[in-house]
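Reviewing the structure listed below.
The values are calculated or read from the model by the stated rules, or taken from the named source; none is laboratory data. Everything quoted here is computed from the prediction, not taken from an experiment. Counting neighbours? That spans all protein chains shown, and the Cβs are built from the backbone with ideal geometry, glycine included. Accessible surface is based on the protein model in full, side chains and every heavy atom, while ligands, DNA and RNA are left aside. Shrake-Rupley method; radii C 1.70, N 1.55, O 1.52, S 1.80 Å.
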Amino acid sequence: MDIQPAPINAIQDEIIQTFAVFADDREAMLHYLMELGDQMPPLADTYKTEKYRIPGCMSAVWLVHTLEKDRLVWEADSNTAITKGLISLLIRVLSGQKLSTIAHSELYFIEGIGMRQVIGSQRSSGLASMLKQMRLTALTYQQQLTDTQPVSVAPTATPGESLQDQVVQAIKQVYDPELPVNIYELGLIYAIHVYPLNNVHIVMTLTSPSCPAAEMIPSQVESNVRALPDVNEVHVELTFDPPYTTDRMSEEAKLALGFL
């Protein structure tokens, strides 16, 4: 028998009510959060790989889903107790819900229990990354289920070229306006992650935080990658940790810029 979850707002209200007893006790709230994480079923080690890891989290977080008709069921794990508790709350609210509910519902319980003030900015950012990945997955499936007309797109990849290779080639079309070398050869790309459903997460930097093209370059990277026919969603994360150095340049870039 198909067991439906409670309405999403009812679950959120229940969480807020439960956490209300910890309103003035940060330590007790964190202890309870860790207990919730301990209660989650263990995730198989086969899923604890980069393929299922959520980008943008301070701790390692692995998220796995199963599509059941128009609903998503989630499993997850983390290598830290507090983060595992955070993802357990998201799963409690969103697992088993309809695609449209996951993609578009307002999640007010996080603010309702004052969680951001307790966990700090870094874990808050990681929590946002977890939620974003869950929403992106739901949106992608929702689009696939509602699209009724086939779309013909001219292929951009050569035979046998992986999506990772396509992303690299798209990034190589982006240049720093002040340099005759593309940003990939400059070494501005720190990481490229291709996740299930072809959602792409790119971690990049700039030659300096005061770069005059600070807004233009990441935007162009996102636009170029999003234009690839096999890509669903794109997230470009700009970071300056670690700071950029010319050691990251390719031999081709160093030669073009006179470093060799």
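Structure summary
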| read-out | value |
| --- | --- |
| Total formal charge among the other residues, if their Cβ is under 13 angstrom from that of residue 211, Lys/Arg +1 and Asp/Glu -1 | -3 |
| Burial order of peptide ranges 70-80, 87-97 (average beta-carbon count within 10 Å, highest first) | 87-97, 70-80 |
| Loop-located chymotrypsin sites (Phe, Trp or Tyr not before Pro) in segment 203-260, at most 12 other Cβ atoms within 10 Å (DSSP) | 240, 259 |
| For the chain, alpha-carbon Rg over 2.2 N^0.38 Å | 1.15 |
| Ranked by how many other beta carbons lie within 10 Å on average, peptides 21-32, 98-109, 131-142 from highest | 131-142, 98-109, 21-32 |
| Fraction of accessible area attributable to carbon and sulfur, the chain (%, probe 1.4 Å) | 51 |
| Equivalent-ellipsoid semi-axes of segment 4-70, from the Cα gyration tensor, Å, largest first | 27, 20, 11 |
| Charged-residue dipole, Cβ positions (Lys, Arg, Asp, Glu), the chain about Cα centre, Debye nearest 20 | 180 |
| Helical contribution to [θ] at 222 nm, DSSP H n ≥ 4, -39,500 (n - 2.57), averaged over the chain, rounded to 500 | -13000 deg cm²/dmol |
| Simple label model, 7 Å out from Cα along Cβ direction - residue 10 to residue 191, nm | 3.9 |
| Average accessible area per residue (Å²) across the chain - probe 1.4 Å, nucleic acids and ligands excluded | 53 |
| From phi via Karplus (6.51, -1.76, 1.60), per-residue ³J(HN,Hα) for segment 93-104 in Hz, x at Gly/Pro | 7, 9, 5, x, 7, 5, 4, 5, 5, 5, 6, 10 |
